[in-house]
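Worksheet for the structure shown next.
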Amino acid sequence: MKCPKCGSVLEKVNVEVEDAESKVLSYQCPKCDYFSFDKKSAKKVIDEIKAKESALRISQKIIKLSKDRLGMYFNKNIVESLNLEAGKEIYVYVPDKEHIILKLKP
């Protein structure tokens with residue numbers, strides 16, 4: 001593969017990307033500043049990073065509601081981003097001892 005700027009032969013370089021285990025294959029020119037990324041490996045890395053990301057992460061405290069009940073308030077940002085309203089039902093999943101998953105009923 002040749003550099004579109006200067007015509008030199010491009011070198012294949014595996015590039016590490018923060019927050020991704022996979023590397024992106026890059027084609028880099030040793031003579032000028034041209035480089036490009038392999039679309040397949042770039043997509044794989046982007047998908048890895050997106051899988052780790054959370055759109056909204058907020059620290060909340062558990063509160064005591066009554067003798068045997070605990071609860072929490074939903075932050076204004078969560079309420080607005082999910083269009084929550086009082087009385088709306090949700091599913092609650094507990095997949096392990098470190099996670100609680102809330103899913104809105106359709």
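The values are calculated or read from the model by the stated rules, or taken from the named source; none is laboratory data. As the structure is a prediction and not an experimental result, all values here were calculated from the model. Here Cβ is always computed from backbone atoms with ideal geometry, including for glycine, and neighbour counts include all displayed protein chains.
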Report task. Give the residue, chosen from Gly71, Gly7, that is surrounded by 10 or more Cβ atoms within 10 Å (Cβ to Cβ), without any contact (Cβ under 8 Å) to a residue 12 or more places away in the chain and out of contact with any Gly (no Cβ under 7 Å at 6 or more places or on another chain). Result -> Gly7
Report task. Can you work out which of the residues in the range 44-62 that are within 30 Å of Ser26 (Cβ to Cβ) and not in a helix (DSSP H, G or I) is modelled with the highest pLDDT? Result -> Glu53
Requested in this report: Could you tell me which residue of the range 87-106 is surrounded by the fewest Cβ atoms within 10 Å (Cβ to Cβ), considering only residues that are part of a strand (DSSP E or B) and more than 19 Å from the chain's Cα centre (by Cα)?
Outcome: Asp96
Query raised in the report: Of the residues Ser26, Ser41, which is touching a strand residue (DSSP E or B) at 6+ places or on another chain (Cβ under 7 Å) and not in a strand (DSSP E or B)?
Result: Ser41
Query raised in the report: Scanning the range 77-86 for residues that are in a loop (DSSP other than H, G, I, E, B) and aliphatic (A, V, I, L, M), which turns out surrounded by the fewest Cβ atoms within 10 Å (Cβ to Cβ)?
Result: Ala86
Query raised in the report: Is it fair to say Leu65 is part of a strand (DSSP E or B), more than 30 Å from Lys5 (Cα to Cα) and out of contact with any Gly (no Cβ under 6 Å at 6 or more places or on another chain)?
Result: no
**Report entry** Failed item in (1) of a type in the set (Asp, Glu); (2) more than 22 Å from Met1 (Cα to Cα); (3) modelled with pLDDT of 95 or more, with Glu89 passing the rest
**Finding:** (3)
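Conditions (1) without any contact (Cβ under 8 Å) to a residue 12 or more places away in the chain; (2) surrounded by 10 or more Cβ atoms within 10 Å (Cβ to Cβ); (3) of a type outside the set (S, T, N, Q); (4) in contact with a Leu (Cβ under 8 Å, 6 or more places away or on another chain), marked per residue:
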{"site": "Ser22", "(1), (2), (3), (4)": "no, yes, no, no"}
{"site": "Cys32", "(1), (2), (3), (4)": "no, yes, yes, no"}
{"site": "Asp38", "(1), (2), (3), (4)": "no, yes, yes, yes"}
{"site": "Lys44", "(1), (2), (3), (4)": "no, yes, yes, no"}
{"site": "Ser59", "(1), (2), (3), (4)": "yes, no, no, no"}
{"site": "Ile62", "(1), (2), (3), (4)": "yes, no, yes, yes"}
{"site": "Ser66", "(1), (2), (3), (4)": "yes, no, no, no"}
{"site": "Asn75", "(1), (2), (3), (4)": "no, yes, no, no"}
